[in-house]
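Undergrad: Dropping the structure in here first, questions after.
The values are calculated or read from the model by the stated rules, or taken from the named source; none is laboratory data. Here the structure is a predicted model, which is why all the values come from computation and not from measurement. No Cβ is skipped: glycine too gets one built from the backbone with ideal geometry, and neighbour counts run over all protein chains shown. The protein model used for the area step is the full one, side chains on, heavy atoms only, and it has no ligands, DNA or RNA in it. Shrake-Rupley method; radii C 1.70, N 1.55, O 1.52, S 1.80 Å.
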Amino acid sequence: MSAFAAPKGIPEYVPPDSAGFEHVHNTLVSAADRAGYGLIELPVFEETALYTRGVGESTDVVSKEMYTFADRGERSVTLRPEGTAGVVRSVIEHGLDRAGLPVKLRYAGPFFRYERPQAGRYRQLQQVGIEAIGVDDPALDAEVIAVADEGFRALGLTGYRLEITSLGDTESRPPYRAMLQEFLAGLPLDEATRMRAEINPLRVLDDKRTEVRALLSDAPLLVDHLSAASAEHHAAVKQHLDDLGVAYVENPRMVRGLDYYTKTTFEFVHDGLGAQSGIGGGGRYDGLMETLGGQPLSGVGFGIGVDRTLLACGVEGVRPWSTARAEVFGVPLGDEAKRRLVVLAGRLRRLGVRVDLSYGGRGLKGAMKSADRSGARYALVLGERDIEAGTIGVKDLVSGEQRAVALDAVVAEVAGLLQA
Ligand code: HAM
């Protein structure tokens, strides 16, 4: 047994399964890249106040789940629990909003939340996210949603649905909040829920208990009390999604775990994942930039959970990636053969072919086992007699056929075979 273990609640991705993680990550990033989102590499920790102010002090993420500590200079820092606040901070700091708008950015990497670990809920989670800042256009909301949908589709996933709603703007929210609080005050709720109704009444609507749900069936819903501008924005987003052929269902009771949302909010839900069914989510955050000290610009974006998306692929049995570490595997029999194969491997790699070799003077049988394990399509088998004859054995590891090829022609020959 090893003396150390990874911290609890952190999924590690090791070969061969890490190929799936990488494929999901790359596919999601590439969908964002195709829509003009440029890479932003952010710090993994930031000043704690960025999150308390940006994400909201009353959220679970901030009040219960942050990895916060004092650094050696006694500054309070926090491992990033999400990406949006950091992106907006960086946009303000570097004046990215002074160039053309919208500023379109993508990011990927680990985020940290001290949650109770379970299947699909981790303390170090991986996201691919995008943010489009500075233009309040419903077509941009639809683009953000479509990029996520495109990523899931490109992976071959089908068993998910998109839920959307609108959380209104600063004009719609206060009167609705008052209306909801009045409604909740008339219900026989327990003390903790009553407290929650005081602080964040919208969150009460998301209560999972059946008895509470029954009490809430007649609750007023924000989507029915939107300001004219918010209602128009919401209708336009849905029209664009219809035009794009992106299917959605309205979920007027959706509650997101972060406080910055306004207007459009959405979640991608996968039914095969049990309790942790959200594979991605996001929305508009029109006040965040100003809250963080920037100009009053709008924003919209998403964060997709790479870990959960990979789990969803497992549930659906889609596996559009290869776990092969190499396409060609060199099997040298003897020192001279090794010298030659090291050179051939280098030449093939330079042509873009993925090549691995057997090291350590293993015999034919052991080396062929390694070749199979690598997932390679061809083995290059070189012995002393081959060298004398000026040839090398090219073995097709799928059909098992082997033939001799001239040593000076093998690089072009194998590269050609792999392209065919
Ligand atoms: P979020 O909904 O908190 O949004 O997280 C986005 C996604 O990250 C979730 O849908 C889920 O797939 C994944 N995720 C969250 N927590 C965990 C966890 N403990 N374990 C595994 N996966 C998890 C945000 O973070 C926003 N910043 C998204 C956004 C961007 N909104 C606007 N722009």
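Undergrad: Under 6 Å between Cβ atoms, at least 6 apart or on separate chains: pull out the pairs that start in segment 405-420 with a residue that is more than 19 Å from Val342 (Cβ to Cβ) and assigned to a helix (DSSP H, G or I) and end on any residue that is open to solvent by 40 Å² or more (accessible area, probe 1.4 Å) and acidic (Asp, Glu).
TA: Close Cβ pairs (under 6 Å, with a partner that is open to solvent by 40 Å² or more (accessible area, probe 1.4 Å) and acidic (Asp, Glu)) amount to Leu418/Glu327.
Undergrad: Tell me which strands (runs of 3 or more DSSP E) are completely within segment 1-97 and hold 2 or more residues being among the β-branched types (Val, Ile, Thr) and in contact with a strand residue (DSSP E or B) (Cβ under 9 Å, 6 or more places away or on another chain), or say none if there are none.
TA: Correct list: 76-79.
Undergrad: Among (1) modelled with pLDDT of 95 or more; (2) within 29 Å of the chain's Cα centre (by Cα); (3) away from the ligand (no atom under 15 Å from the Cβ); (4) surrounded by fewer than 17 Cβ atoms within 10 Å (Cβ to Cβ), there is one condition Ala228 misses while meeting the rest; what is its number?
TA: Status for Ala228: all satisfied but (2).
Undergrad: Exactly one of these conditions fails for Asp206: (1) within 16 Å of the ligand (Cβ to nearest atom); (2) within 25 Å of Val91 (Cβ to Cβ). Give me its number.
TA: Single failed check for Asp206: (2).
Undergrad: Before we move on, is Gly361 more than 14 Å from the ligand (Cβ to nearest atom), assigned to a loop (DSSP other than H, G, I, E, B), over 25 Å from Gly168 (Cβ atoms) and not aliphatic (A, V, I, L, M)? Reasoning before the result, please.
TA: Values: more than 14 Å from the ligand (Cβ to nearest atom): yes; assigned to a loop (DSSP other than H, G, I, E, B): yes; over 25 Å from Gly168 (Cβ atoms): yes; not aliphatic (A, V, I, L, M): yes.
So Gly361 fits the description; yes.
Undergrad: Looking for something within 11 Å of the ligand (Cβ to nearest atom), open to solvent by 20 Å² or more (accessible area, probe 1.4 Å) and within 18 Å of the chain's Cα centre (by Cα) - is there at least one such residue anywhere in segment 79-92? So that I can check it myself, show each step before the final result.
TA: We begin by selecting, within segment 79-92, every residue within 11 Å of the ligand (Cβ to nearest atom); these are 80-88.
From the residues that got through so far, the ones that are open to solvent by 20 Å² or more (accessible area, probe 1.4 Å) too are none.
Scanning segment 79-92 turns up no residue that is within 11 Å of the ligand (Cβ to nearest atom), open to solvent by 20 Å² or more (accessible area, probe 1.4 Å) and within 18 Å of the chain's Cα centre (by Cα).
Undergrad: While we're here: Read through the list (1) within 14 Å of the ligand (Cβ to nearest atom); (2) outside any helix (DSSP H, G or I); (3) open to solvent by 10 Å² or more (accessible area, probe 1.4 Å), then give the number of the only condition that Thr170 fails.
TA: Answer for Thr170: the failing condition is (1).
Undergrad: Quick check on Gly38: is it assigned by TED's automatic domain parsing to the domain that holds Gly305, more than 9 Å from the ligand (Cβ to nearest atom) and surrounded by 21 or more Cβ atoms within 10 Å (Cβ to Cβ)?
TA: Working: assigned by TED's automatic domain parsing to the domain that holds Gly305: yes; more than 9 Å from the ligand (Cβ to nearest atom): yes; surrounded by 21 or more Cβ atoms within 10 Å (Cβ to Cβ): no.
The answer is no for Gly38.
Undergrad: Also, I was wondering about something else. Hey, can you tell me all the residues within segment 370-420 that are β-branched (Val, Ile, Thr) and either modelled with pLDDT under 95 or surrounded by 14 or more Cβ atoms within 10 Å (Cβ to Cβ) (or both)?
TA: Val381, Ile387, Thr391, Ile392, Val394, Val405, Val410, Val411, Val414
Undergrad: Further, regarding this structure: Of the numbered conditions (1) touching a Ser or Thr at 6+ places or on another chain (Cβ under 6 Å); (2) more than 16 Å from the ligand (Cβ to nearest atom), Asp141 fails exactly one; give the number of that condition.
TA: Among (1) touching a Ser or Thr at 6+ places or on another chain (Cβ under 6 Å); (2) more than 16 Å from the ligand (Cβ to nearest atom), the lone unmet condition for Asp141 is (2).
Undergrad: Still on this structure, please answer the following. Among (1) away from the ligand (no atom under 13 Å from the Cβ); (2) in a strand (DSSP E or B), where does Phe302 come up short?
TA: Only one criterion in (1) away from the ligand (no atom under 13 Å from the Cβ); (2) in a strand (DSSP E or B) is unmet by Phe302, namely (1).
Undergrad: Do we have Leu382 as touching a Gly at 6+ places or on another chain (Cβ under 9 Å) and in contact (Cβ under 8 Å) with a residue 40 or more places away in the chain here?
TA: yes
Undergrad: Can you pull out every residue in segment 11-35 that is open to solvent by less than 50 Å² (accessible area, probe 1.4 Å) and either aromatic (Phe, Trp, Tyr) or in contact (Cβ under 8 Å) with a residue 60 or more places away in the chain (or both)?
TA: Pro11, Ala19, Gly20, Phe21, Val24, Thr27, Leu28, Val29, Ser30, Ala31, Ala32, Ala35
Undergrad: Quick one: is Phe302 at pLDDT 95 or above, buried (at least 20 other Cβ atoms within 10 Å of the Cβ) and within 17 Å of the chain's Cα centre (by Cα)? Walk me through it before giving the result.
TA: Numbers: at pLDDT 95 or above: yes; buried (at least 20 other Cβ atoms within 10 Å of the Cβ): yes; within 17 Å of the chain's Cα centre (by Cα): yes.
So Phe302 fits the description; yes.
Undergrad: Just to be sure before I move on: is Asp356 touching a helix residue (DSSP H, G or I) at 6+ places or on another chain (Cβ under 7 Å), of a type in the set (D, E, K, R) and in contact (Cβ under 8 Å) with a residue 24 or more places away in the chain in the structure I sent?
TA: Taking the combined requirement at face value, the residue satisfies it.
Undergrad: Suppose we filter Gly314, Gly346, Gly257 for residues that are within 16 Å of the ligand (Cβ to nearest atom) and not in a loop (DSSP other than H, G, I, E, B); which single one remains?
TA: Just one listed residue meets the conditions, Gly314.
Undergrad: Looking at (1) assigned by TED's automatic domain parsing to the domain that holds Arg80; (2) not in a loop (DSSP other than H, G, I, E, B); (3) not hydrophobic (A, V, I, L, M, F, W, C), find the lone condition where Arg373 falls short.
TA: Here Arg373 meets the rest and fails (1).
Undergrad: Could you say which residue among Gly317, Gly334, Gly272 is within 20 Å of Glu163 (Cα to Cα), surrounded by fewer than 24 Cβ atoms within 10 Å (Cβ to Cβ) and not hydrophobic (A, V, I, L, M, F, W, C)? Before the answer, list the steps.
TA: On the way: Gly317 fails: within 20 Å of Glu163 (Cα to Cα); Gly334 fails: within 20 Å of Glu163 (Cα to Cα).
Just a single option satisfies the conditions, and that option is Gly272.
Undergrad: If you don't mind, there's one more thing I want to ask. For the structure I just gave you, tell me whether Ala178 is farther than 30 Å from Pro320 by Cβ and either surrounded by 18 or more Cβ atoms within 10 Å (Cβ to Cβ) or more than 14 Å from the ligand (Cβ to nearest atom) (or both).
TA: Considered against the rule, which asks whether it is farther than 30 Å from Pro320 by Cβ and either surrounded by 18 or more Cβ atoms within 10 Å (Cβ to Cβ) or more than 14 Å from the ligand (Cβ to nearest atom) (or both), Ala178 comes out as yes.
Undergrad: Can we say Asp97 is away from the ligand (no atom under 11 Å from the Cβ) and within 30 Å of Val223 (Cα to Cα)?
TA: In short, no.
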